[in-house]
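> After the structure tokens below, expect a handful of questions from me.
Rule-based calculations on the coordinates, nothing more; no lab input. Only a predicted model underlies this, so the values are computations on that prediction, with no experimental measurement involved. Cβ placement follows ideal geometry from the backbone for every residue including glycine, while neighbour counts extend to all protein chains displayed.
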Amino acid sequence: MIKVTRLNNIEMIVNAERIQSLQSTPDTLITFTNKDRLMVREPVEELSRRILDYRRTVFQNQVSAVDILQQFPDILH
């Protein structure tokens with residue numbers, strides 16, 4: 001989830017996993033995977049950074065099945 005600011009200065013949180021594209025028009029237009037659209041104040045570069053930061057946080061905290069098996073080697077025995 002990332003925070004964005006609508007054109008009326010109201011902040012909201014959107015699901016970064018559902019963002020399909022970002023477009024500068026000159027405000028930033030977010031298009032979601034369900035084709036909904038949202039105009040926001042943040043520039044495309046800032047939103048791209050927020051999305052990247054969000055994804056880094058999510059993926060660095062994922063634990064794989066291999067990690068679990070290495071921690072508990074007798075789980076399959």
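> When the Karplus curve 6.51 cos²θ - 1.76 cosθ + 1.60 is applied with θ = phi - 60°, which whole-Hz ³J(HN,Hα) does each residue of the range 36-47 get, with x for Gly and Pro?
Going residue by residue, I get 5, 10, 8, 8, 9, 7, 5, x, 3, 4, 5, 5 Hz, with x marking Gly and Pro.
> Report the label-to-label distance for residue 12 and residue 36 in nanometres (one decimal), using points 7 Å from each Cα along the Cα→Cβ vector.
For residue 12 paired with residue 36, the spin-label model returns 0.7 nm.
> Let me ask you something else. May I ask you to compute the full-extension gain from residue 57 to residue 25, defined as 0.36 nm times their residue separation minus their alpha-carbon distance, rounded to one decimal in nm?
8.6 nm
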